[in-house]
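The values are calculated or read from the model by the stated rules, or taken from the named source; none is laboratory data. This one's a predicted model, so the numbers in the text were calculated from it and none came from an experiment. Reconstructed Cβ throughout: ideal geometry from the backbone, glycine too, with neighbour counts over all protein chains shown. We work out accessible area using only protein heavy atoms, side chains counted, and drop any ligands, DNA or RNA first. Shrake-Rupley method; radii C 1.70, N 1.55, O 1.52, S 1.80 Å.
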Amino acid sequence: ARYFFNKEGDFNNLTAAAYHKKTHLLVTGFASGVFHLHELPDFNLIHSLSISDQRIASISINCTGDWIAFGCSGLGQLLVWEWQSESYVLKQQGHFNSMVSLAYSPDGQYIVTGGEDGKVKVWNTSSSFCFVTFTEHNSGVTAVTFTSTGYVVLSASLDGTVRAFDLHRYRNFRTFTSPRPSQFSCLAVDSSGEIVAAGSQDSFEIFIWSMQSGRLLDVLAGHEGPISSLSFNPMKCVLASASWDKTVKLWDMLDSWRTKETLIINSDVLVVAFRPDGKELAVAALNGQITFWDHENAVQTGSIEGRHDLQMGRKELDKITAKQAAKGKSFTTLCYSADGQSILAGGLSKFVCIYNVKEQILMKKFEISCNHSLDAMEVCEHRSLFLISSPPQDFDCELVVNLLNHFQISLLGDMSYRHFKPEIRVTCVRFCPTGRSWAATTTEGLLLYSLDSGLIFDPFELDIDVTPSNIHKTLSQKEYTMAIVMAFKLNEKKLIQEVIEAVPSSEVDVVCSSLPDLYVEKLLEFLASAFETSCHLEFYLIWAQKLLMLHGQKLKTR
């Protein structure tokens, strides 16, 4: 059979479709963001709804046919619709322009991102869903940060405002502005959460406000170029400001914001970051170098030449080689790890580099994407060179030249055709305060890299003899320590609980003393979660007390 959707004459392109065999359900999505539900074979319209103003790019139906998922690539929307009850099961939307900045909450539970679309979004790191979006800014957001309490998010924007959002009531409770309208390019908040600083990219000034009153306290002048980055020392009342005038200035808050020190850098400074203990300052400049400073004595302690670590392939329309192009690369974002021993750096490249600060060596390069439809992803360079030496008499040079020109145009595409391949870049990297993960905002989206994988079945040092039946067998032989170790290897919560509760309270002391160090932490983690739900409170408290008494000192030193 053949059916037409556009009987009414409002022509609308069909962009996606899905069919569910069991329920004979046909779902069709259109360029206007409308979708239809039809029942086949009679083609009866069951339901029609507009879910977006962008084209629906993808549709999928779950196995029972109750839920329908829609993807709209234009706005980065993901919707799951239950058609029988006509309600949303899931509704998510990303930034529809690139993300520019991110910050972790102090407990590492949440991430806030700011985008060129003017939105500020807060994401849950465990579910990876956005749970609140603030849309008060009228222009692109350039910087975001959390205060030390974790309940207030601050954002700076090119619209000339810095806004503070409350995560209890989800509202914009403070708006900071400058006397003359300024475009704010960077933002910092001190460790107490009372002082807010923002740098301007057009008046070359730094504005200081009070969080409590919302009043402007001071305007710091002295830089001769746009302010590119601000960072408060976590331990002292010192603000570091970086500028395109090739300097980093240190301002002393307690000495009425006097310039304490000016560090001269060889190139325009793009980003500045303090080590978590506040004793070292890292500076990234336009020449691709990361320099480390002892800011108390204004002495440079080390440098990393990072330019060749950012090198990518040759771009499709580039006239120069990738090696030459890499000479213009630099790091645009820096962040120390939680322990301060390594530094994370990213820029206009598909790589995020992690360096050891002490040794000043590259520890690892993370490749953000392997997508070959993006520009400059191919590292190998194939450029043919035609050499014609003394052509014969009847040789038509003009024809060959025309052929070569046509061949080149067909390879590169017509220059007048306004189509370009998107490039990949990293706009911001941040380390989680827990030290277990880090995140990056890229043209590919918000990416999280973690040491902890949240898998359901997550066995630990599993071998062929570790099975539930073997664990029960060991338990019946009263080999309690062995049974606990085997249960943790299988890492099934119910089984661990069963084994631990089978240990008589008189044996707890013996089992705790013979438990290998590696499993002490695992057992303590299990006990911590068991306290929330179990009714065997005293029994679990005995376990906790014995473990901490016997292994507390070792745990402390680690």
Potential extension, Leu518-Ser369 segment - 0.36 nm per residue separation minus Cα distance: 50.1 nm
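Taking every pair of alpha-carbon atoms in region 214-304, give the share separated by more than 15 Å as a whole percent.
Details: 2268 of 4095 pairs.
Tail of P(r) above 15 Å: 55 percent of Cα pairs.
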Theoretical ellipticity at 222 nm over the chain - DSSP helices of four or more residues, -39500 (n - 2.57) apiece, nearest 500: -5500 deg cm²/dmol
In region 468-557, what percent of the accessible surface is made up of carbon and sulfur (1.4 Å probe, ligands and nucleic acids excluded)? 55 percent
Under a point spin-label approximation (7 Å from Cα along Cα-to-Cβ), what is the Glu136-His308 distance to one decimal in nm? 4.9 nm
At a Cα cut-off below 15 Å, give the aspartates and glutamates reachable from Lys249, other chains included and same-chain residues fewer than 8 away excluded. Glu205, Glu224, Glu261, Asp268, Glu280, Asp294, Glu296
Residues of the chain: accessible area per residue at 1.4 Å, in Å²? 53 Å²
Per 10 angstrom bin, beginning at 0 and ending with the bin that holds the maximum distance, the Cα pairs of region 468-557 fall in percents of 17, 55, 27, 2
I want to verify the translational diffusion coefficient of region 68-193 in µm²/s; compute it with Stokes-Einstein, Rh as the Kirkwood radius over Cα pairs, at 4 °C and 1.567 mPa s. 84 µm²/s
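What is the extension gain from Met235 to Gln92, computed as 0.36 nm multiplied by their sequence separation minus the C-alpha to C-alpha distance, in nm to one decimal?
Numbers: separation 143, 0.36 × 143 = 51.48 nm, distance 3.85 nm.
Gain in length upon complete extension: 47.6 nm.
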Read-out percent of Cα pairs over 40 Å apart, derived from the coordinates shown; its label in [x] 57; [y] 46; [z] 30: [y]
So the pair-distance distribution of region 10-93, from every Cα-Cα distance in 10 Å bins, comes to percents of 19, 56, 24, 1
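Taking 21 Å as the cut-off for C-alpha to C-alpha distance, list the pairs among Lys121/Lys365; Lys327/Lys350; Lys246/Lys315; Lys329/Lys350; Lys246/Lys323; Lys236/Lys279 that go past it.
Working: Lys121/Lys365 28 Å; Lys327/Lys350 16 Å; Lys246/Lys315 30 Å; Lys329/Lys350 12 Å; Lys246/Lys323 25 Å; Lys236/Lys279 10 Å.
Cα-Cα > 21 Å for Lys121/Lys365; Lys246/Lys315; Lys246/Lys323; rest within.
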